[in-house]
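Heads up, the thing below is written out as structure tokens.
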């Protein structure tokens, strides 16, 4: 092993990156990763950091696709990789189409060299290595990397999604957002996700820019439920009511939007203080979408299930429920918790109906 280590250090020296005033030259090889062209080489971590960027999803502009940065995760890797027996798999990058400041020279294929202009800046997109590379700036430690040549941002997103679809720690809402961006017909394939995204994107929705998509957010924005939570709750509503067998997706989307507009109006005080109330937390979203199912099934055949209908019904009892974190819904979670919360809402509603009947008599 010591002899092998010495030979590898010698090989690294021969393959050293040539850093000049006008360019950086990295020797390596070209080939295919399945069906995509790639350049593979070894280079200093600090140099790879200096010339690469991570395309984190900006939830305001809906540009990008990566998860938000986890500083603790990245610092752990920096500590690990500097240990004596550490190693890592190749870091994946991509040079996007129309990117300037680079050149690939193939004099003796598969041997090649990647030339990066000294003023090119950050031209390598980090496909799936932001937490490994995040705190390696200034580190002169050689690491292997693989760089795709010419993938579009959409193709990068697809690769990222495939690599991370089963990864622990990655936001399921971010993967849902990827599915939405890559779907050919989202309304047909995943109507619950289509409706959830509409709630997040529609300026008339009380959920406008409030669902957590798993990317970066503007400071001060009050985060409520996640995209995954909302679309799961909507899916339960669709399954129970079978509403898509009666109405087109646009009409169903409007029905769900009208329901949440009614909730936000009837519970305006609590809605405006999401940190102190459970309406917009997971348990509230699941329970309220269950209530939406009740109200939809109770309507008269000729009755329009619109915002006016929901406001009329909800105003009869919804304000009598304690939605605070100190109320009876506090501590409920998971499937059983959602059922308990809906049962509590139904109980309050039934009790209110009994009191109304008693007064009428």
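Suppose the filter is in contact (Cβ under 8 Å) with a residue 24 or more places away in the chain and over 24 Å from residue 188 (Cβ atoms); does residue 287 pass it?
Yes, satisfied.
Residue by residue through the range 17-48, note down the ones that are in a loop (DSSP other than H, G, I, E, B), more than 16 Å from residue 140 (Cα to Cα) and free of Cβ contacts under 8 Å to residues at least 60 places away in the same chain.
Answer for the range 17-48, where residues must be in a loop (DSSP other than H, G, I, E, B), more than 16 Å from residue 140 (Cα to Cα) and free of Cβ contacts under 8 Å to residues at least 60 places away in the same chain: 34, 35.
Please verify whether residue 118 is assigned by TED's automatic domain parsing to the domain that holds residue 33 and at positive phi, treating the condition exactly as stated.
No: the conditions fail for residue 118.
If I ask for residues that are closer than 13 Å to residue 278 by Cα and without any contact (Cβ under 8 Å) to a residue 24 or more places away in the chain, which ones from the range 295-353 would you list?
Hits for the range 295-353 are 322, 326, 328, 331.
Scan the range 49-79 residue by residue and report those that are surrounded by 13 or more Cβ atoms within 10 Å (Cβ to Cβ), assigned to a helix (DSSP H, G or I) and out of contact with any helix residue (DSSP H, G or I) (no Cβ under 6 Å at 6 or more places or on another chain).
Selection gives 50, 75, 76, 78.
Inspect the range 157-180 for any residue being surrounded by fewer than 17 Cβ atoms within 10 Å (Cβ to Cβ), at pLDDT 70 or above and either in contact with a helix residue (DSSP H, G or I) (Cβ under 8 Å, 6 or more places away or on another chain) or not in a helix (DSSP H, G or I) (or both) and give the result as yes or no.
For the range 157-180, residues surrounded by fewer than 17 Cβ atoms within 10 Å (Cβ to Cβ), at pLDDT 70 or above and either in contact with a helix residue (DSSP H, G or I) (Cβ under 8 Å, 6 or more places away or on another chain) or not in a helix (DSSP H, G or I) (or both): present.
Restricting the search to the range 89-122, which residues are in contact (Cβ under 8 Å) with a residue 24 or more places away in the chain, surrounded by 12 or more Cβ atoms within 10 Å (Cβ to Cβ) and farther than 15 Å from residue 41 by Cβ?
Within the range 89-122, 96, 99, 117, 118, 120, 121, 122 meet the criteria.
Within the set of pairs 6 or more residues apart or between chains, which connect a residue that is under 22 Å from residue 279 (Cα atoms) inside the range 234-261 to a residue that is not in a helix (DSSP H, G or I) with Cβ atoms less than 7 Å apart?
Short answer, once both residue conditions are applied: 255/305; 257/202; 257/205; 258/306; 260/205; 260/206; 260/207; 261/206.
Going by what's in this entry, would residue 93 be described as within 16 Å of residue 24 (Cβ to Cβ), touching a helix residue (DSSP H, G or I) at 6+ places or on another chain (Cβ under 9 Å), assigned by TED's automatic domain parsing to the domain that holds residue 44 and assigned to a strand (DSSP E or B)?
yes
The values are calculated or read from the model by the stated rules, or taken from the named source; none is laboratory data. What you see is a predicted model; the values in this text were computed from it and never measured. Neighbour counts are summed over all protein chains in view; Cβ atoms, including those assigned to glycine, are modelled from backbone coordinates with ideal geometry.
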